[in-house]
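If you scroll down you'll find the structure; I have some questions about it.
The values are calculated or read from the model by the stated rules, or taken from the named source; none is laboratory data. As the structure is a computational prediction, the values presented were derived from the model and not from experiment. All Cβ positions, even for glycine, are placed from backbone atoms using ideal geometry, and neighbour counts span all protein chains on display.
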Amino acid sequence: MAQYWNPEFETMVWPEIQSYWLNEVKKLIEYVKNNSEFYRDRLKLVNSEDIKTIDSLLKIPLLTKDDLRSAQENSDRNNPLGLFQVAPTENIVQVVSSSGTSGRPVYYGVTRDDLDNWRDSIATFFFTAGIRKEDVVGHVVGTPIFAGGSPYFEGIRHIGATGVWAGGQGSTPRTIKTLKHLHCTALVGTTSFDRFLGEHFQEVTGLEAKELGVLKVLGGGEPGLGEESIRRKVKEIWNAATVREIMGLSDVLPGMWAECEEESGMHFTAQKYVMVELIDPTTGNHLPWEPGVCGEAVYTTIRREATPVLRYRSADLIRVEGVTCNCGRTSPRIRCIGRVDDMLVYKAMNVFPSAIRDVVLKHFEPFLTGHLQIVKENAHQVRFDTAIPVDIEVISLEENLPALKQEIEQKVRELLSARIEVNLVAPDSLPKTEYKTPLIRVRG
């Protein structure tokens, strides 16, 4: 029998969830129009009583990160979070931040009620991903102000599990030693950092990571665990009983999607507090929640007081894996397959970096470390009129590298109709970071 943190919402049929969302959105429209000049202007042509169906949501303009960034440029002491701050500053008890990887960070406020809602929602998220009261959870995100920092810790504690903030101590060796000293049974971090820690565990402690006794590894913050070879590698490094993908968004709610025990796609776990839509990123029209459909996730924070967002474009491209599950949860199961704004163009063909990675690792895993990076000439390069450069780490330089290079290039061309220029490099030669290791880097 599956266990749920919030059985009412986790098992509610999808049409009923959508009806609940429509009612909450009406209330939210009135709240923000009454308390925010920013939203009064954006929603001046929107009447809350006209929101009756999911398609009627299209009357509400889409919101982007650039819109929020621009609105926050005009902050002052009375409204430190800018024009889209809705609650008065004296009611805001915490601020979280986006990572700022795509520009100036955007800051979001949390009232006391918001914080209570976050604790409950993030507990649902972690409970779905397998965290239980008896776990000792090594939380390795280093920066508390990030959405995956302090809010994650709140959710872990709300379940009743033992939270160990192993990250943020100034050095990877100290993080690793903390995990060892406190006998952590679960690990929560970005996908690449979960792997990075495991690969460096022995050089710090003299023990292999698999000897620690970590049973559960949760990874998010970037696509990756949806690829079976990456999941298998993480599971092998830690000798974990389960490896599960998780996903959230600092702009909306730090944890919203999590895999259950089936490990076959992430369930939406924030039904009570956030509405999600699936749209065509080009036309903005709604797409059906059906297996195989790919689109962009759009979110509305229906129970947020301080800095709510309405129909916020995530730029996350997701694929629906299924709409039923053996665990009994009723939300769709999805994989994040990349960022809409990461798309590359090879001549007239669109190709996502994650698609290149997935093809390479799926077909050539025995020869590779699992680390690769696409190389751009500059940060703004999208179009490639010649083959896309890709650096790929091999396990051994003694392989027949010219033949392997040719086979990889041919397989990518066969499956993606795009040409890549493979550069096979030695193990541990590609740059890696302690937070997220990007799939793309700029040459130089």
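Which is touching a His at 6+ places or on another chain (Cβ under 8 Å) and modelled with pLDDT of 95 or more, of PRO288, PRO332? Let's see the steps before the verdict.
Details: PRO288 fails: touching a His at 6+ places or on another chain (Cβ under 8 Å).
Testing whether each residue is touching a His at 6+ places or on another chain (Cβ under 8 Å) and modelled with pLDDT of 95 or more leaves just PRO332.
A further question on this structure: Can you pull out every residue in segment 282-298 that is assigned to a loop (DSSP other than H, G, I, E, B) and of a type outside the set (A, V, I, L, M)? Show your work before the answer.
Let us first name the residues in segment 282-298 that are assigned to a loop (DSSP other than H, G, I, E, B), namely 282-285, 287-293.
Within segment 282-298, THR282, THR283, GLY284, ASN285, PRO288, TRP289, GLU290, PRO291, GLY292 qualify.
Another one. Any residue in segment 257-282 that is modelled with pLDDT of 95 or more sitting within a Cβ distance under 7 Å of a residue that is among the hydroxyl-bearing types (Ser, Thr, Tyr) and assigned to a loop (DSSP other than H, G, I, E, B)? List the pairs, counting only those 6 or more apart or interchain.
TRP257/THR269; ALA258/THR269; HIS267/SER331; PHE268/SER331; GLN271/SER331
In segment 139-245, which helices (runs of 4 or more DSSP H) lie fully inside it and hold 2 or more residues that are under 30 Å from ARG112 (Cα atoms)?
Working: elements: 150-159, 172-181, 191-205, 228-238.
Here the list reads 150-159.
Is it the case that segment 254-276 has a residue that's crowded, with 22+ Cβ neighbours inside 10 Å, of a type in the set (Gly, Ala, Ser) and over 26 Å from GLY370 (Cα atoms)?
yes
Continuing with this model, one more query. Can you confirm whether segment 73-90 contains a residue that is touching a residue at least 60 places away in the same chain (Cβ under 8 Å), assigned to a strand (DSSP E or B) and either buried (at least 16 other Cβ atoms within 10 Å of the Cβ) or not assigned by TED's automatic domain parsing to the domain that holds PRO15 (or both)?
Our first condition is that a residue be touching a residue at least 60 places away in the same chain (Cβ under 8 Å); within segment 73-90, this holds for 81, 84-87.
Still in the list and also assigned to a strand (DSSP E or B): none.
Checking segment 73-90: not a single residue is touching a residue at least 60 places away in the same chain (Cβ under 8 Å), assigned to a strand (DSSP E or B) and either buried (at least 16 other Cβ atoms within 10 Å of the Cβ) or not assigned by TED's automatic domain parsing to the domain that holds PRO15 (or both).
Among (1) of a type in the set (Gly, Ala, Ser); (2) modelled with pLDDT of 95 or more; (3) over 17 Å from the mean Cα position of the chain (by Cα), there is one condition ALA297 misses while meeting the rest; what is its number?
Every listed condition holds for ALA297 apart from (3).
Could we say that THR330 is touching a residue at least 24 places away in the same chain (Cβ under 8 Å) and either outside the structural domain of ASP55 (by TED's automatic domain parsing) or outside any strand (DSSP E or B) (or both) here? Quick ask: steps written out before the conclusion?
Details: touching a residue at least 24 places away in the same chain (Cβ under 8 Å): yes; either outside the structural domain of ASP55 (by TED's automatic domain parsing) or outside any strand (DSSP E or B) (or both): yes.
Yes; evaluated as a whole, the condition is true for this residue.
Among the candidates ASP316, ASP358, ASP341, single out the residue that is buried (at least 17 other Cβ atoms within 10 Å of the Cβ) and either in contact with a helix residue (DSSP H, G or I) (Cβ under 6 Å, 6 or more places away or on another chain) or part of a helix (DSSP H, G or I) (or both). Can you show your working first?
Numbers: ASP316 fails: either in contact with a helix residue (DSSP H, G or I) (Cβ under 6 Å, 6 or more places away or on another chain) or part of a helix (DSSP H, G or I) (or both); ASP341 fails: buried (at least 17 other Cβ atoms within 10 Å of the Cβ).
Matching residue, one of ASP316, ASP358, ASP341: ASP358.
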